[in-house]
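Any read-out appearing in this document is the output of simple, stated calculations on the displayed coordinates, not a laboratory observation. Nothing here was measured: the structure is a model prediction, and the numbers come from that model. Cβ coordinates were reconstructed from backbone atoms using ideal geometry, including for glycine residues, and neighbour counts include every protein chain displayed.
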Amino acid sequence: MNIQDHTSASDLTKGSITGTMLRFAIPMMLGNLLQQCYNIADTLIVGHFLGADALAAVGSAYSLMVFITSIFIGLCMGTGAVFSLQYGAKDYEGMKRSLVSSLLLTGGITLIINTLSLIFIHPIIRWLQTPAEITGMMHDYLLVIFIGIFSTFLYNYYAFLLRALGNSIVPLAFLGISVVLNIVLDLVFIAIFHWGVTGAAVATVISQIVSGVGLCLYTLYRFPIFRLKWKHIRINRQSIREIATYSSLTCMQQSVMNFGILMVQGLVNSFGTAVMAAFAIAVKIDTFAYMPVQDFGNAFSTFIAQNFGAKKFERIKKGIHNTLWFITGFCLCISAAVFVFARPLMQLFIDANETEIIAIGVEYLRVEGSFYVGIGYLFMLYGLFRAIRMPGMSVVLTVFSLGTRVALAYGLASIPSIGVHGIWWSIPIGWALADLFGWWYYRKAASRLIPASSLS
């Protein structure tokens, strides 16, 4: 089967290295920036129309949602990595087998997560040390979000499949429609209908249903490789094992990453509503700032995987070199911009009279935001190890980084003279230590996977 006869997939094993990666990465960058607009819109509208308590509730719920959705996003990412390797090797029959296996595994696990989230919603809110005055609002927001969580899985599943084939344009288009719809519905449900935080949640869920169902139907219509007939519904043990290995490890990486953030959120909550509100805003700005380099790391991973499957090792070496320079330059520019504009960025989300919240957020952004190059290198390393069939190392790096960060955050914050400032400083320290370990391990392990003639 010639997949190129039926799709607009892109072969990343040919052409200019930097140009190829950028053409593939830019739609992914735009797509994830749009994805952040879901929560940016909620934060902006909630902050201005409903006040600091509602903002704290939505912000704390966001950290929880990032953790839960990271589980099935990790599963989808693992599936995408397998598809990239098979596509690079032109193993189209293997792709059919992987599609069946991935649907069984990732779809089933997502349904289980959805059910458990609804059952344990009250214990989860208590575990996050949520202040009593915002518990009700947080519950109302999360209940609606949990009900619609499967649509988020649906979008991410098909988005990662298409990106594995080099197509990042179609997911971007559907996400763009969804984001615009989300912003409009936010304004209608909160400003006009006065539904409070529940309105923000309903707007998000409706928008995610549009993007998830829409992308699914479009993909099945335009990409015949993803259509399954009864004869394809067979359990292939080797395919199940491969998908399970990759998906479980990438899922573990994503969930561990966000579980660490969730633990930090619990610590932040213990410092009161002002710190919670500041952290909710600053994290949105923070994520928005370094999201492009995260997406470039994912595009880099697909590039490496396709070339690794095609055994183009010299092209891999050049891709690593070019990506290092790109990430370094981009992160330094973003760090400088966030440092200079930290205060006006905070004031986009909260009234200028909330001076305490703004001051706390500015400090966070200027401490943590000065070191974006650290997380940029981490995203690159995560993608590299996934692509060269070492996804377990991505998990190790994640545990290393977050373990250091969480331990430092709790340790430093417990010192009265340091307090909440220790939480901010623990983040770049964790990045730096993980970067050093990751690069050391790559230089040690690469010789086993890439011929010596291809190494610098």
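Students often get this wrong: which residues of the stretch 405-445 have the backbone nitrogen under 18 Å from the point 7 angstrom along Cα-to-C-beta of S270?
405-427
If you line up the Cα atoms of the stretch 324-383 on their principal axes, what length do they span on each, largest first, in Å?
42, 18, 16
Can you give the FRET efficiency to the nearest 0.05 for V213 and T18, using r as the Cβ-Cβ distance and R₀ = 35 Å?
On the way: r = 36 Å, r/R0 = 1.03.
Efficiency computed from Cβ-Cβ geometry: 0.45.
So if the hydrodynamic radius of the stretch 322-450 is defined as the Kirkwood radius over C-alpha pairs, what does Stokes-Einstein give as its diffusion coefficient at 20 °C and 1.002 mPa s, in µm² per second?
Approximately 132 µm²/s, per Stokes-Einstein.
Give me a comma-separated list of calculated 3J(HN,Hα) values for the stretch 305-322, in order, Karplus coefficients 6.51, -1.76, 1.60 applied at θ = phi - 60°, integers in Hz, x for any Gly or Pro.
Rounded to whole hertz, the list is 4, 4, 6, 5, x, 8, 6, 9, 6, 5, 5, 4, 4, 5, x, 4, 4, 5.
Could you calculate the FRET efficiency of L324 with A407 from 1/(1 + (r/R0)^6), where r is the beta carbon distance between them and R0 is 22 Å, rounded to 0.05? Write out the running numbers ahead of the final one.
Working: r = 29 Å, r/R0 = 1.31.
Working from the Cβ atoms, E equals 0.15.
Pairs of alpha-carbon atoms within less than 8 angstrom and 6+ residues apart define the contacts here; what relative contact order does the stretch 260-355 have, in percent?
Value for the stretch 260-355: 30 percent.
Out of residues 5 or more away from N167 or on other chains, whose amide H comes under 5 Å of its own, with H placed 1.01 Å from N in the peptide plane?
The answer is S10.
Step through the residues of the stretch 114-122 one at a time and calculate ³J(HN,Hα) from phi using the Karplus curve (6.51 cos²θ - 1.76 cosθ + 1.60, θ = phi - 60°), rounding each to whole Hz and writing x for Gly and Pro.
Coupling constants for the stretch 114-122: 4, 5, 5, 4, 5, 5, 9, 4, 5 Hz.
So if the hydrodynamic radius of the chain is defined as the Kirkwood radius over C-alpha pairs, what does Stokes-Einstein give as its diffusion coefficient at 20 °C and 1.002 mPa s, in µm² per second? Walk me through the numbers on the way to the answer.
On the way: Rh = 22.4 Å.
Calculated translational D: 96 µm²/s.
Report the gain in length on full extension from R227 to H421: 0.36 nm times residue separation, minus Cα-Cα distance, nm rounded to one decimal. Before the final figure, lay out the partial values.
Values: separation 194, 0.36 × 194 = 69.84 nm, distance 5.24 nm.
So the extension gain works out to 64.6 nm.
Using the Kirkwood radius over Cα pairs, work out the Stokes-Einstein diffusion coefficient for the stretch 52-162 at 4 °C and 1.567 mPa s, in µm²/s as a whole number. List each step's numbers first, then the result.
Details: Rh = 15.4 Å.
Taking Rh from Cα pairs, D becomes 84 µm²/s.
If R0 is 35 Å, what FRET efficiency do you get for E314 and R237 from their C-beta distance, rounded to 0.05?
E between E314 and R237, to the nearest 0.05, is 0.50.
I need to check one value: relative contact order of the chain, counting alpha carbon pairs closer than 8 Å and at least 6 residues apart, in percent.
24
In Å, what Rg and Dmax follow from the Cα atoms of the stretch 77-118?
For the stretch 77-118, the Cα-based Rg and Dmax read 12.8, 42 Å.
Once fully extended, how much extra length lies between E93 and H48, figured as 0.36 nm per residue of separation less the alpha-carbon to alpha-carbon distance?
Extra length available between E93 and H48 comes to 10.9 nm.
Per 0.36 nm of contour for each residue apart, how much would the distance between L348 and R389 grow if the chain were fully extended, relative to their Cα-Cα spacing?
Contour length minus the Cα-Cα distance gives 10.5 nm.
Please work out, to two decimal places, the log10 of the ratio I(q)/I(0) at q = 0.20, 0.24, 0.25 Å⁻¹ from a Debye calculation in which every Cα of the stretch 168-250 carries one identical scatterer.
-0.93, -1.05, -1.07
Whole-Hz Karplus ³J(HN,Hα) for the stretch 213-219, in order, using 6.51 cos²θ - 1.76 cosθ + 1.60 and θ = phi - 60°, x for Gly and Pro?
Running phi through 6.51 cos²θ - 1.76 cosθ + 1.60 with θ = phi - 60° gives 5, x, 5, 4, 5, 5, 4 Hz.
Please determine, in degrees from 0 to 90 and to the nearest 10, the orientation of helix 132-147 with respect to the longest principal axis defined by the Cα atoms of the chain, where the helix direction is its Cα long axis.
That works out to roughly 30 degrees.
So how far apart, in nm, are the two label points at I121 and V188 if each is 7 Å from Cα heading toward Cβ?
Output for this residue pair reads 2.3 nm.
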